[in-house]
Amino acid sequence: PNRLGARASHGIYIHSGASNVLVEDVGIKNARKYGIQLYGQDPGTFSDNITLRRLMVESCANGVTVQASRIDAARPRNLLIEDSRFVDIYDSSAAIGIKTCDGAVVRRITVDNVARGAGIYLGNWAPYESNFNLRNLTVGGVAVTGTAKGAVWILGSNGGTFSNVVVGPGITGGAVIREGNTAGVTVIAGPGKVRAR
């Protein structure tokens, strides 16, 4: 019953070195940590060909997060997140948060109610994630309602960098917010607003 106790942990955990993973037509509800965590811990390896499709993630502390323990830990390649809905994500910076990848596509995402964050965040690196990077990432077709930080929040922090990151078109219901060093990110204008802080 404790929504902030993290006792139920993850709905799905995809660890370093996983390859050819398909999560499709899945509902995850009431996970008290991450709905899905794609996490790199082992250095010198990759997580390849990960597809997350037609998910319904509801009333979870966090939606989907893609992160690593250190800069040389397993990075996802060929990651696809598509045709998914996120509802009532209550203790996170975003429904989908991506801190590390080398080749990813996020498309046709619907987000309803992220109490503390954005529909999607890119970057947002903590001090212990200094000099991380996102490469070869495309985000498009994101529709949000009820988010505290807009549709897409791009935050270049703690020396993190972006390379060949494209956001848009089709971002609706909230702004694309750019903060910090967002060189390497191209935002394709659409009906949403682009705001720098």
Label-reachable residues, the stretch 43-71, where backbone N falls under 19 Å from a point 7 Å from A126's Cα toward its Cβ: 43, 61-71
Spin-label pair A148/D91, simplified geometry with 7 Å Cα→Cβ offset, distance in nm: 1.3
Positive minus negative residues near G141 (Lys, Arg vs Asp, Glu; Cβ under 11 Å): 0
S9 versus M56: modelled label distance in nm, points set 7 Å from Cα along the beta carbon direction: 2.6
Accessible area in square angstrom per residue, the chain, 1.4 angstrom probe: 41
Where a label projected 7 Å from the Cα of V21 along Cα→Cβ would reach, residues of the stretch 134-163 with amide N under 12 Å: none
For the stretch 137-175 versus the stretch 61-118, the gap between their alpha-carbon centres in whole angstrom: 11
A115 paired with N49, simple spin-label distance in nm, labels 7 Å along Cα-to-beta-carbon: 4.0
The chain, accessible surface, carbon-and-sulfur percent (1.4 angstrom probe): 47
Distant alpha-carbon pairs in the stretch 6-96 (separation over 17 angstrom), percent: 46
Descending semi-axes in whole angstrom, ellipsoid equivalent of the stretch 66-189, from the Cα gyration tensor: 21, 15, 14
Formal net charge of residues neighbouring F132 (Cβ-Cβ distance under 12 Å; K, R +1; D, E -1): +1
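The values are calculated or read from the model by the stated rules, or taken from the named source; none is laboratory data. Everything numeric in this text was worked out from a predicted model, so none of it was measured. Cβ sites come from the backbone with ideal geometry, for glycine too, and all protein chains shown count toward neighbours. Side chains are part of the model used for accessible areas, which takes the heavy atoms of the whole protein and leaves out ligands, DNA and RNA. Shrake-Rupley method; radii C 1.70, N 1.55, O 1.52, S 1.80 Å.
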